[in-house]
Amino acid sequence: MRIGISCHPTAGGSGILATELGLELARRGWEVHFISSQTPARLGEYRERVFVHEVDPLDYPLFEYTPFALALAVKQAEVARAFNLDLLHVHYAIPHATSAYLAKQMLSHRDGGANRPLRIVTTLHGTDITLVGKDPSYFDVTCFSLKVSDGITAVSDYLVKETLDLFNLDLPIERIHNFVDVDTYTPRTEGPCRKDLGFSEKEPLLIHISNFREVKRIPDLMHIFQRVLQETPARLMLLGEGPELARAFNYARDHGFADRLHAFGRVGNPACFIAMSDVLLLPSSSETFGLVALEALSCGTPVVASRVGGLLEVVRHEVDGYLETVGDFEAMAARTIGLLKDPSQRTAFGAAGRQRAIASFSRERIVDQYEAYYRKILER
């Protein structure tokens, strides 16, 4: 099987899933072609049967905004024709699914319908539907792109329902969860440790990983941590970048605990940071899936998060973490303090989360589902 993959190359969840999926497919013997604006963040060095085709839009003074979607469609058609792709798997509806349909039409027009049409599978990740897709500027084109896809998958049951309801669709959408590499995201055994970062082994260590947008409710995160500090001299690691990060430090400085915050920016592989942490905090107002929560479970790190969206499909309340009402930072703080004061409970939650990650969300299990879905689409 020869598969093309288009995704956003940044370190967000959609790009991570697309990259890890492509690498696993290549390990299984398939030929994988990434078609993107640049090399995806987690791709790195050369891998056998993995090829990267960067889109290079025309920089022309007439265009105030570079028409990337058109350049992407041309590149997708070019790669599909040159390498005889069986299927194009696009992640994030806009612009990738739209461009893929245009590429498919260009190929069909060129060969006069003599060859088998390129199949398009669109995977929805969340904000491509709940934020971008429902915006009036993109609503109709998103709806159209879904209808002309040969197959659609979504990373959670929550997102399946949101998509069908929002666009009033009667289409089959396959739920295929995100996955985690349980061999990389594993309880701490080696690698950077607390001492390497200047942290005491006895000091409680919390972690938050996000793009620091408003939806992540960073003020709630600061309130939770401030409440925790009233009980124990903990530290909070912040991984990622975004507009709300400065707000977190401003609040911490104003309230005298900035020395307890530690920002590390974007980290390509945060496994060792998660594994050395006692609790992952995720007080978001919306999470379509919550990949970082799954990564924490795989590392044996309990999660305290909002009871919202796809998180209910990942974290089991009072089994491997706690889910509380959005905005109830007092309850989240109390749950966090309880875990920090009860090592046996923390260990039990960690073991349960690790077991669940292996049993339900391992890379092998989920990629099996994608392979089966590809075959179903190609057999139509």
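The values are calculated or read from the model by the stated rules, or taken from the named source; none is laboratory data. Just so you know, these numbers come straight off a predicted model, no measurement behind them. Cβ: placed from backbone, ideal geometry, glycine included. Neighbour counts: every protein chain shown.
Within the range 187-214, the only residue that satisfies the criterion of being polar (S, T, N, Q) and buried (at least 20 other Cβ atoms within 10 Å of the Cβ) is SER210.
Whenever a residue of the range 172-189 is under 30 Å from LYS161 (Cα atoms), its partners that are of a type in the set (Val, Ile, Thr) and assigned to a loop (DSSP other than H, G, I, E, B), lying with C-beta atoms within less than 9 angstrom and at least six residues away or across chains, give the pairs ARG175/VAL155; ILE176/VAL155; HIS177/VAL155; HIS177/VAL314; ASN178/VAL155; ASN178/VAL314. Looking only at residues of the range 27-52 that are modelled with pLDDT under 80 and charged (D, E, K, R), we find that the one that is nearest to PRO9 (Cα to Cα) is ARG42. Can you say whether LEU311 is within 23 Å of ALA334 (Cα to Cα), modelled with pLDDT of 95 or more and not in a helix (DSSP H, G or I), as far as the supplied structure shows? In short, no. Where helices (runs of 4 or more DSSP H) fall wholly inside the range 157-264, the ranges with 2 or more residues that are in contact with a Pro (Cβ under 9 Å, 6 or more places away or on another chain) and not charged (D, E, K, R) are 218-229, 245-254.
Every residue, every condition in (1) in a loop (DSSP other than H, G, I, E, B); (2) out of contact with any strand residue (DSSP E or B) (no Cβ under 7 Å at 6 or more places or on another chain); (3) more than 16 Å from LYS104 (Cβ to Cβ); (4) modelled with pLDDT of 80 or more, yes or no:
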residue: VAL132; (1), (2), (3), (4): yes, yes, yes, no
residue: SER137; (1), (2), (3), (4): yes, yes, yes, yes
residue: THR142; (1), (2), (3), (4): no, yes, yes, yes
residue: LEU146; (1), (2), (3), (4): no, no, no, yes
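Yes or no, residue by residue, for (1) in contact with a Cys (Cβ under 8 Å, 6 or more places away or on another chain); (2) more than 28 Å from VAL180 (Cβ to Cβ); (3) of a type in the set (D, E, K, R):
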position: VAL121; (1), (2), (3): no, no, no
position: LEU124; (1), (2), (3): no, no, no
position: ASP128; (1), (2), (3): no, no, yes
position: TYR138; (1), (2), (3): no, yes, no
position: PHE144; (1), (2), (3): no, yes, no
position: ASP150; (1), (2), (3): no, no, yes
position: ALA154; (1), (2), (3): no, no, no
position: LEU159; (1), (2), (3): no, no, no
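For the range 316-358, a residue qualifies if it is of a type in the set (A, V, I, L, M), in contact (Cβ under 8 Å) with a residue 24 or more places away in the chain, closer than 17 Å to ASP220 by Cβ and outside any helix (DSSP H, G or I), and exactly one does: VAL326. Somewhere in the range 156-171, is a residue of a type in the set (A, V, I, L, M, F, W, C), under 27 Å from GLY242 (Cα atoms) and out of contact with any Phe, Trp or Tyr (no Cβ under 7 Å at 6 or more places or on another chain)? Checked the range 156-171: at least one residue is of a type in the set (A, V, I, L, M, F, W, C), under 27 Å from GLY242 (Cα atoms) and out of contact with any Phe, Trp or Tyr (no Cβ under 7 Å at 6 or more places or on another chain).
One residue stands out in the range 215-236 among those that are within 18 Å of GLU330 (Cβ to Cβ) and among the β-branched types (Val, Ile, Thr): the one that is surrounded by the fewest Cβ atoms within 10 Å (Cβ to Cβ), namely THR232. Looking at ARG188, ARG227, ARG217, ARG213, just one residue is within 18 Å of CYS272 (Cβ to Cβ), of a type in the set (Lys, Arg) and not assigned by TED's automatic domain parsing to the domain that holds ASP86, and that residue is ARG188.
Among the residues of the range 273-290, those that are within 17 Å of ILE16 (Cα to Cα) and not charged (D, E, K, R) comprise ILE274, THR288, PHE289, GLY290.
So, of the residues in the range 1-57 that are more than 22 Å from ARG266 (Cα to Cα), among the hydrophobic types (A, V, I, L, M, F, W, C) and in contact (Cβ under 8 Å) with a residue 40 or more places away in the chain, which turns out to be surrounded by the fewest Cβ atoms within 10 Å (Cβ to Cβ)? Top of the filtered list is MET1. Criterion first (farther than 30 Å from ASP368 by Cβ and without any contact (Cβ under 8 Å) to a residue 24 or more places away in the chain) does LEU197 satisfy it? No; evaluated as a whole, the condition is false for this residue. The test for being among the β-branched types (Val, Ile, Thr), outside the structural domain of SER210 (by TED's automatic domain parsing), under 18 Å from the mean Cα position of the chain (by Cα) and within 17 Å of THR123 (Cα to Cα) does not hold for THR39. In the condition set (1) farther than 23 Å from SER362 by Cβ; (2) out of contact with any strand residue (DSSP E or B) (no Cβ under 6 Å at 6 or more places or on another chain); (3) of a type in the set (Gly, Ala, Ser), SER156 is compliant with all but (1).
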